[in-house]
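Down below is the structure, laid out as structure tokens.
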Amino acid sequence: MRGMRGAPQGLRRRSFLSALDEQGKPSPDDAATCSCGHHHGHHPERIDVGIVPDALISARGLSMTHGGREVLSDVDLDVRRGEIVTLIGPNGAGKTTLVRLLLGIEQPTHGRIVKPASTRIGYVPQRFDVDSTIPMTVGAFLALGANVTKNDIKAALDEAGALRTLDQQLSKLSGGETQRVLIARALLRRPNLLILDEPASGVDFTGEAELYDLIGRLRDRHDLGVLLVSHDLHVVMARSDRVICLNGHVCCSGKPEDVSQHAAYARIFGPHAATALGVYRHHHDHQHDLTGEARPLDEPAPPGRGS
Amino acid sequence: MFAWPDPFVWRAFFAAVGLAVVAAPLGCIVVWRRMSYVGETLSQAGLLGVALGLAANVNLTLAVILAAMAAAGMLTLLGRQKMVPLDSALGLMHHATLALGIAAISLVKGPGIDLMSYLFGDVFAVTETDLVWIYVGGAVVMAATVYLWKPLVRLSLHEDLATAEGINPRLPRAAFDFLLAVVIAVAMKIVGVLLVMAFLVVPAVAARPLSATPERMAVIAAGAAIFGVILGLWLSLSSDVPGGPSIVIALCTIAAISLLAGSRRER
């Protein structure tokens, strides 16, 4: 179980940040980091311990209380360059709260977040129901508050696979198009860490697979760290390097194959969830583009990932 | 048969046009943030401000701004409770401020205080000093609106995204409440507390079907408002209807036509 922790033991050395070095104690014991479904309370002494040196963002011992209810308790998390970390968990597990803490929208009740100055976050929010009372073309939205040229905007939209939406109204886009426009906006900030909250909500199944392919491609091309939030297992898990199963606290974490066999995971998602990977890993002889139209596989496909 | 208008008509025209241009972009943000009734409540708190200003013998414009800001603070607090929905809480504040304002004005009632002129304004009573205030104050409000425009649009669009991208939502929001209070205080003389929000909201509504971007909506709203002012003043002078209500009738007619044309085009 301990081996399932995302950070290899070799990387879990003392903090590289001088400010933390003073307090950085070696982890007393890793037993507390893998709590198999039970609540293990707050461990303030573990804060600052075992920060992963090359992490784009690290959270230690995060707890959050909303109106007397503890939404998150003692959550650790690291995302490094080039890896896709997926946060799964049932509704109300605190996934979105954790993302809001990482983004600095809210402050945690306990714990801390360490983010090197070089980390640039691109954020794709969960729900983006643009109020149709606000007139906004996709082009104007991407330019809003960003120091970018028209060519930058076109390039980002093209990369996200939504170039044809450039002059459309934001409120008229489909779910998949909206997500791609939001990804383009995130890309314009030249991020090295992409945080996506339920990117596939409002997107149909084939569109969902396309979207995760896109995220995988962006990771490969820009060496991005990616933190994905999902309550859906099938498509997401197979493409993740690491899965963190959250239910108020970290139930289990590790490689998708390991997590899917984990007892805590089965308790939360039901006995059938273990076969989720199998469901996804069938052979595809075609792919679907943004409009849902089938294309043969020999057109540019993500290198070696997904189907 | 065209007679050159009297100076009081020119003063009314320039006051209403100045106000229309300053109010247009703020009105757009009011519409986007679904704040029509918040604005309504702030403007009626202005009536209470008038009463307190009269009683304490301080500048009425200042008193109205302070009262509207206090109401904005109250609304923020009311928004935090979860017992009743926000629109009900607004209904409470909205009626409470109006009733309190009318009661307070009748208590401090002295010679030369006309409740009706505060409720409905009197655009033809605008003095040259008022005009100076409208244009100096208007220029300051306009400059602040331009400065805050992008953060405000981004917050209206998606607050979490804007915050995650580094905008602190508190400052633009508080500044916006203040600008709204200033516009309400100035507009009160012209259209009165009961019709102030029409001056902000209706031109924005008229502009929406004709706009593809937020900036264009603000510019078109200003144009629609100027057109409504001209039409309203003409209506008032030719039919002896009070100025403020005439302008609002003209604005609403323009908005209705624009919405009808817009919904026809959608089909």
Sole miss for B:Arg34 among (1) part of a helix (DSSP H, G or I); (2) under 23 Å from B:Ala221 (Cβ atoms) is condition (1)
Please work out if B:Ala144 is farther than 30 Å from A:Leu142 by Cβ, at pLDDT 90 or above and more than 14 Å from every other protein chain (Cβ to nearest Cβ). no
The condition of being under 30 Å from A:Gln168 (Cα atoms), away from chain A (no Cβ under 14 Å) and crowded, with 24+ Cβ neighbours inside 10 Å holds, among B:Ala225, B:Ala187, only for B:Ala225
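Residue-by-condition table, conditions (1) in contact (Cβ under 8 Å) with a residue 24 or more places away in the chain; (2) surrounded by fewer than 20 Cβ atoms within 10 Å (Cβ to Cβ):
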position: B:Glu40; (1), (2): yes, no
position: B:Gly46; (1), (2): yes, no
position: B:Val50; (1), (2): yes, no
position: B:Leu78; (1), (2): no, yes
position: B:Ile113; (1), (2): yes, yes
Looking at the structure I just gave you, is A:Ser260 touching a Ser or Thr at 6+ places or on another chain (Cβ under 6 Å) and farther than 18 Å from A:Phe128 by Cβ? no
Only one of A:Leu101, A:Leu170 is closer than 24 Å to B:Arg34 by Cα, buried (at least 21 other Cβ atoms within 10 Å of the Cβ) and either within 14 Å of chain B (Cβ to nearest Cβ) or at pLDDT 95 or above (or both), namely A:Leu170
Quiz item: Does the stretch A:185-196 include one or more residues that are more than 14 Å from every other protein chain (Cβ to nearest Cβ) and surrounded by fewer than 23 Cβ atoms within 10 Å (Cβ to Cβ)?
Solution: yes
Looking across the stretch A:128-153 at residues that are modelled with pLDDT of 90 or more and within 25 Å of the chain's Cα centre (by Cα), the single one that is farthest from the other protein chains (Cβ to nearest Cβ) is A:Asp152
The residue that is surrounded by the fewest Cβ atoms within 10 Å (Cβ to Cβ), considering only those in the stretch B:129-139 that are without any contact (Cβ under 8 Å) to a residue 24 or more places away in the chain and of a type in the set (Val, Ile, Thr), is B:Thr129
Okay, strands (runs of 3 or more DSSP E) sitting entirely in the stretch A:224-294 with 2 or more residues that are modelled with pLDDT of 70 or more and among the polar types (S, T, N, Q), I get none
Restricted to the stretch B:200-214 and to residues being more than 13 Å from the chain's Cα centre (by Cα) and touching a residue at least 40 places away in the same chain (Cβ under 8 Å), the residue farthest from the other protein chains (Cβ to nearest Cβ) is B:Ala206
Only unsatisfied item for A:Glu106, checking (1) in contact with a strand residue (DSSP E or B) (Cβ under 8 Å, 6 or more places away or on another chain); (2) more than 25 Å from A:Arg239 (Cα to Cα); (3) buried (at least 21 other Cβ atoms within 10 Å of the Cβ), is (3)
For this session: May I ask you to verify whether B:Met197 is within 14 Å of another protein chain (Cβ to nearest Cβ) and out of contact with any strand residue (DSSP E or B) (no Cβ under 8 Å at 6 or more places or on another chain)?
Result: no
The correct count of residues that are closer than 22 Å to A:Asn91 by Cβ and either in a helix (DSSP H, G or I) or touching a strand residue (DSSP E or B) at 6+ places or on another chain (Cβ under 6 Å) (or both) in the stretch A:201-214 is 5
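The values are calculated or read from the model by the stated rules, or taken from the named source; none is laboratory data. Predicted, not measured: the structure shown is a model, and the values here were computed from it. In this analysis, Cβ positions are derived from the backbone assuming ideal geometry, glycine residues included, and neighbour counts consider all displayed protein chains.
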